[in-house]
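A.B. asks: Take this structure first; my questions come after.
Since every read-out is calculated from the coordinates, none of them should be taken as a lab result. These numbers come from a predicted model, not from an experiment. When we count neighbours, we look across all protein chains shown, and the Cβ atoms used for this are built from the backbone with ideal geometry, even at glycine.
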Amino acid sequence: MKTVSLKIDDSIFGETEKILSSIKKTRNRYINDAIEYYNRVQKRLILEKKLQIESELVKNDSLAVLNEFERIDYAD
């Protein structure tokens, strides 16, 4: 496990301390859980952005293929 020193805004720290006293969780565990959750959210956002970019790249080719299939259907 790594040791990290960080500065937290006073308001965030105070709110966190209030929450911790209610949920009976250690500050360390709470911060680890929060970072883990935030990492999952960020990974999803990164994946979403990547998929949007890749979707744009293949959009024109997909439309061209669909148009070809439509022409084939009408030719029969």
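A.B. asks: Helix 27-75 against the longest principal axis of the chain: what's the angle in degrees, Cα atoms only, rounded to the nearest 10?
C.D. replies: 10
A.B. asks: Could you run the Karplus curve 6.51 cos²θ - 1.76 cosθ + 1.60 with θ = phi - 60° over region 2-8 and give me ³J(HN,Hα) per residue in whole Hz, x for Gly and Pro?
C.D. replies: Computed from phi, the couplings for region 2-8 are 9, 9, 10, 9, 9, 9, 10 Hz.
A.B. asks: Could you run the Debye sum over the Cα atoms of region 10-75, one equal point scatterer each and no solvent, and tell me log10 of I(q)/I(0) at q = 0.13, 0.18, 0.26 Å⁻¹, two decimals?
C.D. replies: Here the Debye-derived log intensity ratios amount to -0.60, -0.80, -1.03.
A.B. asks: So for T16, T3, fewest C-beta neighbours within 10 Å to most, what's the order? Don't skip to the end; give the middle numbers.
C.D. replies: On the way: T16 15, T3 4.
Ascending Cβ contact count within 10 Å gives the list T3, T16.
A.B. asks: Please give the contour-minus-distance gain from F13 to D33: 0.36 nm per residue of separation, less the Cα-Cα distance, rounded to one decimal in nm. Please report the intermediate quantities before stating the final value.
C.D. replies: Values: separation 20, 0.36 × 20 = 7.20 nm, distance 1.56 nm.
Result: 5.6 nm gained on full extension.
A.B. asks: Karplus couplings for region 16-21 from phi (6.51 cos²θ - 1.76 cosθ + 1.60, θ = phi - 60°), rounded to Hz, Gly and Pro as x?
C.D. replies: 5, 4, 5, 5, 4, 5
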